[in-house]
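Before we start, here is the structure in question, set down as structure tokens.
The values are calculated or read from the model by the stated rules, or taken from the named source; none is laboratory data. All of these numbers come straight from a predicted model, not from anything done at the bench. Cβ: placed from backbone, ideal geometry, glycine included. Neighbour counts: every protein chain shown.
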Amino acid sequence: MLLGSFTMSISQSSISTAYPTLMSSFGIDASTVQWLTTGFMLIMCVMMPVSPWLLSNVKFKQLFLAILAIFDVGTLIVVVAPNFGTMMLGRAMEAIAVGILFPSYQSVLLYITPEEKRGTTMGFAGLIMGSALACGPILSAIVLHFSAWRGLFVVFMVIISVLFVISLFAIKNVMPQKESHLDFLSVILSVGLIGILYVVNMIGKTNIDLTLAIIILIISILMVIGFAVRQFKMPQPLLQLRVLKDFNYDLSVGLTGASYIALIVVTIIFPLYYQNVLGVSKTVSGLALAPGAILLSLLNPLTGKLADKIGFKSTMLVGMFMILAGWLVLSITGATLDLVPMMVIAAIIEGGNAFVMMPAVTMGANSLPKELISDGTAVITTFRQILGSTGVLVATLILSNVMSSNISHGMSRMIAQMGGYHVVFVTFFVIELIGLAMALMLRNPKK
């Protein structure tokens, strides 16, 4: 289960290193190619609320095998894709599988683990998820050094195929079954999230149909409002939003989102900085994330144990101060640092993530009764993905629009790029300040 999560998580972030190659291969710009990541994350968001229903209505072994099969087929489509549209179709299928798996595996781990040991268990889960996201660009750099971009997805396909065969014999049914009706209307209404971020992605682009954009935005907002209202009115909602009535749980949602934004932006924006500003190769830009990935992997199990011993608030405050320190240095220095200082800063930010993301998930679960753990996990992972995809979208929009504006004012391309990255750094420093404020408001659980 963790191996599948690790492989699928790597597929989420590894493609960023190949952005320049894909832009050249398909003749697309940066704002279009980033949909391979942002679109992936948004489709995950739509599928995550369905995971509690699937866990309750489908035997876990069958569900897990179906997830692996969907991901494998989607990866095959990507490998043979002749154009960008077909590649997006394959990525969409991968995202469907990942969107179901991520909250499901966390729900299973939380369900089968005693509360007093959840911090340690989820620390190891964080090791899988966090280090996979950080290792994605590294694996991508190594594979792209020896093959074309399609070779990267061949690696994923082989691993998942082997895992499928192993799972036929190794996976057991561990979750209780409780048959219920799937509310398809709620699933349809949740698609409004994609519509909102699609319109946001249009900001700064030329020759857009403003009337169409406004219509899509209004319809999407109404769909999201309808989705939220429907969840509170239904006796068996698709996504149990009533868990948001607990203040500590709400802060957990915000903190896991803040830390995830920092991690995903580092793994996607930093390789672009290394290539575009520092002029290093794809291989070097991916390998430059290795120190941060190693630190993140080493810290995750330790921070879980730390949270069990000294409390969640103290643990997460350490992480938020580390994340803030990294973005503060970048905000002060601008896009002027060389490779080694950037690698150190990336390691600090990623290390801080280990103190925040999974401890926040665990604290959120501990705030809820056991029967609501799968719903609570689905809510927290859904919001985390929404915030993460929004973070990536905001970063790429700022980078693209500031750079275009600077060039139009007579700046050279390099100076314009550096200005764009500086604005990105300042923006995410401000965002993480909000995360620190949430950590300071936490109440340590009595248990």
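Being in a helix (DSSP H, G or I), over 26 Å from LEU185 (Cα atoms) and either touching a helix residue (DSSP H, G or I) at 6+ places or on another chain (Cβ under 9 Å) or of a type in the set (Ser, Thr, Tyr) (or both) is true for just one of LEU36, LEU55, LEU89. Which residue is that?
Exactly one of LEU36, LEU55, LEU89 is in a helix (DSSP H, G or I), over 26 Å from LEU185 (Cα atoms) and either touching a helix residue (DSSP H, G or I) at 6+ places or on another chain (Cβ under 9 Å) or of a type in the set (Ser, Thr, Tyr) (or both), namely LEU36.
Right, here's the next one. Part of a helix (DSSP H, G or I), of a type in the set (Phe, Trp, Tyr), closer than 29 Å to TYR249 by Cβ and out of contact with any Ser or Thr (no Cβ under 8 Å at 6 or more places or on another chain) - does that describe any residue in region 293-315?
no
Now for a separate question. Here are some residues: VAL329, VAL344. Which one is part of a helix (DSSP H, G or I), more than 23 Å from the chain's Cα centre (by Cα) and in contact (Cβ under 8 Å) with a residue 12 or more places away in the chain?
VAL329
Has region 244-267 got any residue that is free of Cβ contacts under 8 Å to residues at least 60 places away in the same chain, farther than 24 Å from ALA360 by Cβ and not small (Gly, Ala, Ser)?
no
Looking at region 138-173, which of the residues that are of a type in the set (S, T, N, Q) and closer than 19 Å to VAL98 by Cβ is farthest from the chain's Cα centre (by Cα)?
Step by step, filter region 138-173, then rank; the result is SER167.
Out of region 8-56, which residues are buried (at least 19 other Cβ atoms within 10 Å of the Cβ) and among the β-branched types (Val, Ile, Thr)?
ILE10, ILE15, THR17, VAL33, THR37, THR38, ILE43, VAL46, VAL50 - these are the residues of region 8-56 that are buried (at least 19 other Cβ atoms within 10 Å of the Cβ) and among the β-branched types (Val, Ile, Thr).
For ILE268, work out the one condition from (1) surrounded by 24 or more Cβ atoms within 10 Å (Cβ to Cβ); (2) closer than 24 Å to PHE312 by Cα; (3) modelled with pLDDT under 85 it doesn't fulfil.
That leaves (2) as the condition not met.
Now a separate question. Taking the stated definitions as given, is LEU278 within 20 Å of the chain's Cα centre (by Cα), touching a residue at least 24 places away in the same chain (Cβ under 8 Å) and assigned by TED's automatic domain parsing to the domain that holds ASP375?
no
So, in region 347-372, exactly how many residues are assigned to a loop (DSSP other than H, G, I, E, B) and surrounded by fewer than 24 Cβ atoms within 10 Å (Cβ to Cβ)?
Final tally of qualifying residues: 3.
Something else: Can you name the residue in region 407-447 that is surrounded by fewer than 19 Cβ atoms within 10 Å (Cβ to Cβ), touching a residue at least 60 places away in the same chain (Cβ under 8 Å) and of a type in the set (D, E, K, R) and, of all such residues, is nearest to VAL394 (Cα to Cα)?
Among those that are surrounded by fewer than 19 Cβ atoms within 10 Å (Cβ to Cβ), touching a residue at least 60 places away in the same chain (Cβ under 8 Å) and of a type in the set (D, E, K, R), it is ARG443.
Follow-up. Scan region 67-86 for residues that are in a helix (DSSP H, G or I) and polar (S, T, N, Q) and report the count.
2
Tell me, which helices (runs of 4 or more DSSP H) lie completely within region 190-287 with 3 or more residues that are of a type in the set (Val, Ile, Thr) and in contact with an Asp or Glu (Cβ under 9 Å, 6 or more places away or on another chain)?
Result: 247-276.
Sticking with this one: Looking at ALA97, is it over 19 Å from GLY151 (Cβ atoms), modelled with pLDDT of 90 or more and crowded, with 24+ Cβ neighbours inside 10 Å?
yes
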